[in-house]
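The values are calculated or read from the model by the stated rules, or taken from the named source; none is laboratory data. Note that this is a predicted model, so its numbers are computed, not measured. Backbone-built Cβ (ideal geometry, glycine too); neighbour counts: all protein chains shown. Ligands, DNA and RNA are stripped out before the accessible areas are found, and what is left, the full protein with its side chains, is counted by its heavy atoms. Shrake-Rupley method; radii C 1.70, N 1.55, O 1.52, S 1.80 Å.
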Amino acid sequence: MKIQVKRDEILKGIQRAQGVVERKSTMPVLSNLLIETGGEGIDIIATDLEIGIKDRCAAKVIESGAVAVSARKVFEILREIIGEDILIEKEKNNWVKITDGNSEFRIMGLGKEEFPSLPEAKETSLLTIEASLLSEMLKKTIYASGESDTRYVLNGLLFAAKPQPPGISLTMVGTDGHRLAIINKSIETNETGLQEDKNVIIPKKTAVELKKLIEEGDSAISVGLDKNHIIFKRENTIILSRLIEGNYPNYEQVLSATHDKKVSIGREIFIGALRRVSILSKEKTNAVKLDIEKDRIVLSSNNPDIGEAKEETKISYKGEALSIGFNARYLLDALSAMDGENVTLNLYDPLSPAFLTEEGETGYKCVVMPMRI
């Protein structure tokens, strides 16, 4: 294999692959990416066996072929090289030479046969989603999904699509059992392959890589499904991911919980007070107490080993006095995902779920379970 390629072009593709490459796997080959010639360019492929990314990059193919190389090392080399045109050549025994006219690097590679193939997915095209809409849905839910939870389905996001003429209804849900975030959006479109309700669970890592891809530009994302995989496409980039099998928790039951007390407060004011008071909260629980009275709220924390903190601020509230405790990080994550100037904290009693909603956004809700303090 011998190719000539623009440094900036190949660097983009290799940078996209970094998040997928498995660094701590028991299979060392997964720390590599595959560079393969095809047509008038090259494909840059990375996988951790659960998620794969394939990026097409324009290049001059002098000699066709393929080779797997260390994703981290080739990225570091290309990031530091100053030449605009890069020559990449596969030599004997899978050694790879990278030059730009001034610098020369030789690194050990692997044959294509040692690199795992991406799963073969028989794609069924479903819909095309505007980047801004999908980005918003991910931002408002991804933080609530689990991290290495033993209940594996919680380590992903529920993605539900439902035909709703003249378009479709999209719902995304994230939960780790202590909090839940849900957003619903409607899309008016006649161009959809969606004939029936689809409910799939996307791994959190896939959602993170998709979010990164979306942030690179404004072009729409095409979504496709087969029995076990979901496929996201944008221009020359494909993300292919296995779906999480299992039944997602009944989030609608949580959303039906009663709440008759509404506390309205400025979002930035609430964020600032929570951050300051939580400085002296217990590290394991981040527990903060909210004492709510007519038109005022007092936030406090107490850590016997360090000290205590207290802050009072104005709110809009006319109901009965209530004291309730929360993990401050859970509230901060939810508030940071919102954009409205004001938020409403919907409560019932000290042991019932709290609902956070933002001004001007009816399709988004966050539920946070309280703590005993």
Along each principal axis, Cα extent of segment 1-45, largest first, Å:
34, 20, 13
Computed P(r) (all Cα pairs; the chain; 20 Å bins; percent)
25, 45, 26, 4
Cα-based Rg/(2.2 N^0.38 Å) for segment 114-236, rounded to two decimals, is 1.06
Give or take rounding to whole Å, what are the principal axis extents of the alpha carbon atoms in segment 90-145, in descending order?
47, 33, 24
Would you mind putting 174-184, 334-344 in packing order, based on average other-beta-carbon counts within 10 Å, highest first?
174-184, 334-344
P(r) weight above 16 Å for segment 4-112, C-alpha pairs, percent
55 percent
Given only helices, namely DSSP H runs of n ≥ 4 each adding -39500 (n - 2.57), what is the per-residue ellipticity at 222 nm of the chain, to the nearest 500 deg cm²/dmol?
-5000 deg cm²/dmol
Output wanted: per-residue J couplings in Hz (rounded whole) for segment 313-330, from phi through Karplus 6.51 cos²θ - 1.76 cosθ + 1.60, θ = phi - 60°, x for Gly and Pro.
8, 7, 9, 10, 7, 10, x, 6, 5, 8, 10, 8, x, 9, 6, 4, 5, 5
Suppose a student asked you for the relative contact order of segment 162-231, using Cα pairs under 8 Å spaced at least 6 residues apart; what percent would you report?
23 percent
Could you state the principal axis extents of the C-alpha atoms in segment 281-373, from the largest down, to the nearest angstrom?
42, 27, 23
Just order 253-263, 42-52 by mean Cβ neighbour count inside 10 Å, highest at the front, would you?
42-52, 253-263
What aspartates and glutamates does residue 90 reach when the alpha-carbon gap must be under 12 Å and sequence neighbours fewer than 8 apart in one chain are set aside?
36, 63
Over all distinct alpha-carbon pairs, what is the Kirkwood Rh of segment 209-285 in angstrom?
17.7 Å
In percent, how large is the relative contact order of the chain, given Cα pairs closer than 8 Å and 6 or more residues apart?
12 percent
Quick one: angle between helix 267-278 and the longest Cα principal axis of the chain, in degrees between 0 and 90, rounded to 10, please.
90 degrees
Once the Cα atoms of segment 184-318 are picked out, what are the Rg and Dmax in Å?
22.2, 61
Report the Rg/Rh value for segment 114-168, based on alpha-carbon coordinates and the Kirkwood definition of Rh.
1.06
How much area per residue is accessible in the chain when the probe is 1.4 Å and only protein heavy atoms are counted (Å²)?
50 Å²
Within the accessible area of the chain (1.4 Å probe), percent carbon and sulfur:
46 percent
Percent of C-alpha pairs per 10 Å bin, segment 135-200, short to long:
22, 44, 25, 9, 0
Using only the alpha carbons, work out the radius of gyration and Dmax of segment 85-180 in angstrom.
22.2, 60
